[in-house]
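The values are calculated or read from the model by the stated rules, or taken from the named source; none is laboratory data. Being a predicted model, the structure only gives us computed values, none of them experimental. Here the Cβ is made from the backbone with ideal geometry for all residues, glycine too, and neighbour counts use every protein chain on show. Side chains included, ligands, DNA and RNA excluded: accessible areas come from the protein's heavy atoms. Shrake-Rupley method; radii C 1.70, N 1.55, O 1.52, S 1.80 Å.
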Amino acid sequence: MKPRAVHIRNVAARCLGLGFLSLLTTHCATTTPATQSPLASAPKVAAAKPTATAPDPFASPPEGGAMSDTPFPSIEHARLGNGLELRTVTRKTYPIVELRLVLFSGSASDGKQPGVAALAAELLKAGGAGTLSAAELSERAESLGSSLDIQTGKDSTQISMAVTTGDLDAAFDLIGAVAQRPRFDQKEFQKLQRRAFEGAESAAKSSPEWSASMVLARELFGSAGAYGHYDAQASEIQALTLAACKQWYTHNVTPLNATLVVAGDVEPSTVETAARRVFAGWRGDRPATPQSVAPATRDEEKIWVVDRPHAAQSEIYVAALGPERSSPQWPAITATNQILGGGVAGRLFLDVREKRSLAYNTGSRLEEVARGPVPIVLSAGTQTAKTDLALRALLENSKRIGSEPPSDQEVGMATRSLSNSLLFRTETVAGVADLTAKLAVLGLADDYFDGYQHALAALTKTTVFEAAQSSFAFKNPVIVVAGDASQISKPLSRLARVITVDPTKDFQITGQIPMSGAQQ
């Protein structure tokens, strides 16, 4: 439920905006009176002789300047007797505090029950906690001008709140109740399960991105791997039980599997005092680390087509596994990714969309995971009739990034963009809290972002090209296309064997066409 109260940081932003608007209005009123036309009163002058056209200041990117060396805020660590870690970042810019109770278990901890982590985590709030019902939990958070949010990712589940400094204790009480005393109400479980079931059914029918991502995760990591499912299918959600959610909670929501991140106008001693008051009695062991299964070797080129009958557009994904997140090449990997698919300056956009008009959007992304190799995903959205041409263009650019070194200008633009975007994220307390939580989830050092900034500044086209050659020149990628199989399968079969699946029937195989193009 969204909070009815206006958050203080939004108020501050609006106040700054209104102040600037008022100043601008006053200035305009005093410099250009409404009763006098500047053009009517201007003296007449002789026509000037034609001059050469001035150079366009936007014809080329600006010269690269020195990147920021602003250090990441200091993180103060403490630990309670039960093993709960505390990470406090003091930022006194505004009287705001962001809290994140980070559990090191996400969808990768589902095991043989896809969807259980997300459903159980949402039930912590939706089922009520302590003496409070679900409605009372939300109302209590709203009375603080906040909301109680729960998000489940691949490697973590986070319970979050943002409050003013004076409401810190109240926020601790709410998060503590949700983590330690969930009610697991049967009726609320059934309602939540029904909504999740309907959401999965709807996604299978209407979301090409969801359907393609489901196949992509399975083919990259294997269905038995910790990261082998992007989300749960409707049938898998229907099979979940309240007992399964309780079991996930017992094993994963423990102090030894958590860290509490607090950022904002607060002292570490205040955080430790509040944490001891609320969490000192929390007990539980550290769960087993989800086991990763090595994906099967792909010895044949395939194109998986997720059938969407009568779709006018196709979504194309080309992906492979890159290095682990802890790789020393990571800064160069992110720069390569930026050069290839980083917005309107990326090679994919300039070539596939602008030059060849084969797609209406393009991109390249790195899906960070805590354990094992990181997926590198190239994507394009295109018209049905252009699907095979757009796929060819993605494959060509994947090959080209590993055979054509980047220019100094490309490296400069990429590294500045990455450095500045990180700096912008540290401008808000929420951004600092999120980045601090990310360090914890990925197992990175407190000063990691400082070293990352320095590494970006030291990159050259040679070091970036080496990373591109080792990670982006896909040799046998996973290719998934969501679109109208009756229209796109045969043209795609000129590139590789095509396997068609139906997302509304648990991704069952419904047809195959060999690379020759003849119907099998």
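Side notes on the structure shown:
- Scope the stretch 425-479; condition at pLDDT below 95, outside any loop (DSSP other than H, G, I, E, B) and under 24 Å from Val97 (Cβ atoms); matching residues: Arg425
- When residues in the stretch 273-292 are screened for being in contact with a Ser or Thr (Cβ under 8 Å, 6 or more places away or on another chain) and open to solvent by less than 80 Å² (accessible area, probe 1.4 Å), 4 of them pass.
- For beta carbons closer than 8 Å, sequence separation of 6+ or different chains, a first residue in the stretch 404-426 that is open to solvent by 50 Å² or more (accessible area, probe 1.4 Å) and hydrophobic (A, V, I, L, M, F, W, C) and a second that is assigned to a loop (DSSP other than H, G, I, E, B) and modelled with pLDDT under 95, the qualifying pairs are Met413/Pro61; Met413/Gly64.
- Exactly one residue out of Leu391, Leu418, Leu422 is assigned to a helix (DSSP H, G or I), farther than 30 Å from Gln453 by Cβ and not acidic (Asp, Glu): that is Leu391.
- Residue count, the stretch 478-512 (criterion: farther than 17 Å from Arg392 by Cβ and of a type outside the set (Ser, Thr, Tyr)): 14
- One residue from His310, His251 being open to solvent by 50 Å² or more (accessible area, probe 1.4 Å), within 30 Å of Lys386 (Cα to Cα) and of a type outside the set (Gly, Ala, Ser): His310
- Residues satisfying the stated conditions in the stretch 347-377, i.e. open to solvent by less than 60 Å² (accessible area, probe 1.4 Å) and part of a helix (DSSP H, G or I): Arg347, Leu348, Phe349, Asp351, Val352
- Only one of Leu144, Leu124 that is in contact with a strand residue (DSSP E or B) (Cβ under 6 Å, 6 or more places away or on another chain) and open to solvent by less than 10 Å² (accessible area, probe 1.4 Å): Leu124
- Given (1) of a type outside the set (A, V, I, L, M); (2) over 21 Å from Ala433 (Cα atoms); (3) at pLDDT 95 or above, number of the condition Gly111 does not satisfy: (3)
- Residue satisfying condition, being over 20 Å from the mean Cα position of the chain (by Cα) and either modelled with pLDDT under 95 or open to solvent by less than 20 Å² (accessible area, probe 1.4 Å) (or both), within set Thr165, Thr131, Thr157: Thr131
- The requirement of being touching a residue at least 40 places away in the same chain (Cβ under 8 Å), within 29 Å of Asp484 (Cβ to Cβ) and either aliphatic (A, V, I, L, M) or in a strand (DSSP E or B) (or both) is satisfied by Val318.
- Residue within the stretch 478-489 that is without any contact (Cβ under 8 Å) to a residue 40 or more places away in the chain and surrounded by 14 or more Cβ atoms within 10 Å (Cβ to Cβ) present: no
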